[in-house]
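Some notes on the structure that comes next.
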Amino acid sequence: MRPPCEVVVQFILPTLRAELAKMLMNEYGMSRGEVADALGISRSAVSQYLMDKRGIGVDLSPPIYGLLKNLAEMMSSKMDRDMITRAFCEMCKEIQRKGSMCSLHHEVSKVEESCKSCLEP
């Protein structure tokens with residue numbers, strides 16, 4: 001069995017990073033190096049996100065996509081890293097509240113149908 005946090009690390013965070021990398025480069029004109037610095041990842045990871053070799057397979061709802069756009073704007077304006085971190089964490093909490101994490105957890109783990117651990121605060 002995989003705990004919900006493992007699902008976040010393996011599936012959700014890479015998807016969020018991939019979308020952020022694409023937004024930061026395409027909408028805000030940041031270079032791969034700037035995106036790598038902003039996300040705290042390597043340039044090669046940015047390249048893999050851009051080529052859809054990483055961070056694919058999780059559908060993001062329109063509200064989550066909207067939060068991602070806000071986060072990209074914050075990152076492009078070089079806002080305080082603490083505020084960016086809090087916004088990123090809030091986005092993950094919203095994914096948890098909406099049940100997206102729960103359905104993915106059921107899909108990739110052998111958990112009982114009655115499992116609701118993803119929905120607990």
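Some notes on this structure:
- Per-pair calculated FRET efficiency, R0 = 41 Å: Asp82 and Ile56 via Cβ, rounded to 0.05: 0.90
- Computed from the C-alpha gyration tensor, the three semi-axes of the ellipsoid equivalent to the range 4-119 are 26, 15, 11 Å, from longest to shortest.
- For the pair Asn70 and Tyr28, the difference between a 0.36 nm per residue extended length and the Cα-Cα distance amounts to 13.9 nm.
- Projecting label points 7 angstrom from Cα along Cα→Cβ for Gln10 and Glu112 puts them 2.2 nm apart.
Rule-based calculations on the coordinates, nothing more; no lab input. Please read these numbers as outputs of a predicted model, since none were measured by experiment. Please note: Cβ atoms are built from the backbone with ideal geometry, for glycine as well, and neighbour counts cover all protein chains shown.
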